[in-house]
Amino acid sequence: MRIYLRYLKSERIGSLLFAIGLFGFGYILVVMYPSFGKLQALKNYFEMMPVFLKALLGDEIIDFTTLKGFMTVEFFNTTWLFVTGVFSCLLAGSLVAEETEKKTLEILLSTAVTRTGYIISKFAGFLTLLVFLATASFLGLYLGMWRIGEQIDEGLMFYAFFTGTICMAAMGSIGLLFSCLFNEQRRAISMTLIVFFSLYLFNLFATFLEQYPRLKYFALFHYYDASKIFKRGAICWPDIGILLAVFTIVLISSIFTFRRKDIYI
């Protein structure tokens, strides 16, 4: 618990700035929606987009002129995904490597803290901050909808943030693995960012290559798509299961790697 609280305290400023940014951007987007939602030309423009751009914005396209469609394209599948993705890469990539680089990890482990307890405590702090970002984003959208007098079903919004948070947790577990492998946080963060953008691009191209329809199932971000939730009106439990499986496997691999890691001071 001490390591968990210490980690939350150390990351409170940066996390608060990310949360304020997502809250404010979500609120502004919703408030701006009425001026965009009335433009039928936008819908026609969106329908004429190339296939790869539609794949970028959502696997299952919904009406762009509705609030659900507008927020899917402008927030859930783009802004929120990229901001929380970068946040996850920065924080998860430094979870262990930062302490190793500063040569404070050996001191911490010389106390009663076990390696498994240490890594679980820090990753639990990271997950708490992810939930904090999702909550701030939800509140920003909700207040914006209250301001303009329109609503998206709160349950569907919760499902979208729930699925996205699990996806970012899976991405964070990959960052944790790199943080355990490398002693330099810059290297660990860089590798995590490379994997994040590579996975995103792979999902984009896999969706675009219609001659290989099964290729997209190997893309991590295929299993987070807010357009699926809003169009079907329900959470996609198989997608949740796959994301949880990736998260669990990589997290266990990270713990195993860290337990066998040689720490040099």
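The values are calculated or read from the model by the stated rules, or taken from the named source; none is laboratory data. Keep in mind that this is a model prediction, so the values were computed, not measured. With ideal geometry, Cβ positions are generated from the backbone for all residues, glycine too; neighbour counts draw on all protein chains shown.
Which residue pairs have Cβ atoms under 7 Å apart, sit 6 or more places apart or on different chains, and have a first residue in region 1-21 that is touching a residue at least 12 places away in the same chain (Cβ under 8 Å) and under 22 Å from residue 161 (Cβ atoms) and a second that is aromatic (Phe, Trp, Tyr) and not in a helix (DSSP H, G or I)?
So the pair list comes out empty.
Yes or no, residue by residue, for (1) hydroxyl-bearing (Ser, Thr, Tyr); (2) touching a helix residue (DSSP H, G or I) at 6+ places or on another chain (Cβ under 8 Å); (3) without any contact (Cβ under 8 Å) to a residue 12 or more places away in the chain:
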{"residue": "154", "(1), (2), (3)": "no, yes, no"}
{"residue": "158", "(1), (2), (3)": "no, yes, no"}
{"residue": "167", "(1), (2), (3)": "no, yes, no"}
{"residue": "178", "(1), (2), (3)": "no, yes, no"}
{"residue": "197", "(1), (2), (3)": "no, no, yes"}
{"residue": "223", "(1), (2), (3)": "yes, yes, no"}
{"residue": "237", "(1), (2), (3)": "no, no, yes"}
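Would you pick out the residues in region 179-199 that are in a helix (DSSP H, G or I), farther than 14 Å from residue 82 by Cβ and among the hydrophobic types (A, V, I, L, M, F, W, C)?
Across region 179-199, the qualifying residues are 180, 181, 188, 189, 191, 194, 195.
May I ask you to list the residues in region 220-237 that are under 18 Å from the mean Cα position of the chain (by Cα) and either surrounded by fewer than 19 Cβ atoms within 10 Å (Cβ to Cβ) or not in a helix (DSSP H, G or I) (or both)?
Selection gives 224, 225, 235, 236, 237.
Results for (1) aromatic (Phe, Trp, Tyr); (2) over 19 Å from residue 125 (Cα atoms); (3) at pLDDT 90 or above, shown as yes or no for each residue.
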{"site": "177", "(1), (2), (3)": "no, no, yes"}
{"site": "192", "(1), (2), (3)": "no, no, yes"}
{"site": "195", "(1), (2), (3)": "no, yes, yes"}
{"site": "218", "(1), (2), (3)": "yes, yes, no"}
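Any residue that is at pLDDT below 80, farther than 17 Å from residue 221 by Cβ and in contact with a helix residue (DSSP H, G or I) (Cβ under 6 Å, 6 or more places away or on another chain) - is there at least one of those in region 135-143? Give the derivation first.
Of the residues in region 135-143, the ones at pLDDT below 80 are none.
The answer is no; no qualifying residue exists.
Given the structure, is residue 145 over 17 Å from the mean Cα position of the chain (by Cα) and not basic (Lys, Arg)? Steps first, please.
Values: over 17 Å from the mean Cα position of the chain (by Cα): yes; not basic (Lys, Arg): yes.
Considered against the rule, which asks whether it is over 17 Å from the mean Cα position of the chain (by Cα) and not basic (Lys, Arg), residue 145 comes out as yes.
Residue by residue through region 102-119, note down the ones that are surrounded by 15 or more Cβ atoms within 10 Å (Cβ to Cβ) and modelled with pLDDT of 75 or more. Break it down into steps so the answer makes sense when it comes.
Here is the first cut: in region 102-119, the residues surrounded by 15 or more Cβ atoms within 10 Å (Cβ to Cβ) are 105, 109, 115, 118-119.
Passing the criteria: 115, 118, 119.
Can you tell me which residue within region 14-43, out of those that are in a helix (DSSP H, G or I), loosely packed, with under 13 Cβ neighbours inside 10 Å and aliphatic (A, V, I, L, M), is modelled with the lowest pLDDT?
41
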